[in-house]
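Student: Submitted below is the structure of interest, expressed as structure tokens.
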Amino acid sequence: MAGLTRRETDGSRKVIERFAPMGGRVLGYLTLAIGVLILVDIVVEWRTWSGLSTAGIVVAVCALVWLSLCRPAVVAFERELVLRNILSDIHIPWHLVESVNVAPVLTLPVGDRIYRSSAIGVTGADRRAMRKSRRDAVEAAMAGRPAGGDSPGQPDASNLSGLSPANYAIRRLEMLADKYADASRGTTEVERQWRWPEFAVVGAGIVLAVVAKLAS
């Protein structure tokens, strides 16, 4: 589970645990590194209107890569669960978390609304675990034994070792919701914060590219 979660601090708020897909983040950071190299090359070798137009496009693309591949995460604080999605951050007080499911991505029903995050989803390991669970259930039925196992959305393990990534995340979030529900009752509503800084960078990059193209 080392690649799935990590503990850290975020300003004055203590981060209990972070869930984020490692594969997408690695690809995202590699893409950003390539973007930075392109920008450096433009500054050094291509100081023209065409180069400026290309730089604007690179900046906009890098901002979109950051939003879609690097930012998405599910972050557990002591008073709330934060879904860092592509377009917005959703702050959910723990006592409002009614259930946790992954089908095929993290799904949290809160009242009459459903909130989702692609940072936690069914992986190949989860699919293998589901296939094994089905095989075990068939073998148990044929042998007259009670069926066991776990599947995403229905973890039945009392400890977290050996669980597939989605089941680990489900079980861990359920435990945190139970533990911190009382501490979160000072906040009674879900809050959404749009990612305006990133939107501004994307817009500025596009405007720069268009203006430089027209001036060239």
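Student: With respect to PRO155, determine if the residue is at pLDDT below 90 and in contact with a Leu (Cβ under 7 Å, 6 or more places away or on another chain).
Tutor: Taking the combined requirement at face value, the residue satisfies it.
Student: Collect the residues in the stretch 164-189 that are among the aliphatic types (A, V, I, L, M) and either buried (at least 18 other Cβ atoms within 10 Å of the Cβ) or closer than 15 Å to VAL75 by Cα (or both), keeping them in residue-number order.
Tutor: ALA166, ALA169, ILE170, LEU173, MET175, LEU176, ALA177
Student: Give me a count of the residues in the stretch 87-104 that are over 13 Å from the mean Cα position of the chain (by Cα) and either β-branched (Val, Ile, Thr) or outside any loop (DSSP other than H, G, I, E, B) (or both).
Tutor: 9
Student: Taking the stretch 85-112 on its own, how many of its residues are open to solvent by 50 Å² or more (accessible area, probe 1.4 Å) and under 25 Å from GLU198 (Cα atoms)?
Tutor: Summing the residues that are open to solvent by 50 Å² or more (accessible area, probe 1.4 Å) and under 25 Å from GLU198 (Cα atoms) in the stretch 85-112 gives 2.
Student: Quick check on my filter: what residues within the stretch 16-30 are at pLDDT 90 or above and either surrounded by fewer than 17 Cβ atoms within 10 Å (Cβ to Cβ) or in contact with a strand residue (DSSP E or B) (Cβ under 8 Å, 6 or more places away or on another chain) (or both)? Break it down stepwise before answering.
Tutor: Applying the first criterion (at pLDDT 90 or above) to the stretch 16-30 yields 16-19, 26-30.
Listed by number, the residues that qualify are ILE16, GLU17, ARG18, PHE19, VAL26, LEU27, TYR29, LEU30.
Student: Collect the residues in the stretch 69-82 that are open to solvent by less than 50 Å² (accessible area, probe 1.4 Å) and either of a type in the set (Gly, Ala, Ser) or not in a helix (DSSP H, G or I) (or both), keeping them in residue-number order.
Tutor: Those that are open to solvent by less than 50 Å² (accessible area, probe 1.4 Å) and either of a type in the set (Gly, Ala, Ser) or not in a helix (DSSP H, G or I) (or both): ARG71, PRO72, ALA73, VAL74, VAL75, ALA76, PHE77, GLU80, LEU81, VAL82.
The values are calculated or read from the model by the stated rules, or taken from the named source; none is laboratory data. For clarity, every value in this text was computed on a predicted model and none was experimentally measured. Note: ideal-geometry Cβ built from the backbone for every residue, glycine included; neighbour counts use all protein chains shown. Surface accessibility is based on the protein's heavy atoms, side chains included, excluding ligands, DNA and RNA. Shrake-Rupley method; radii C 1.70, N 1.55, O 1.52, S 1.80 Å.
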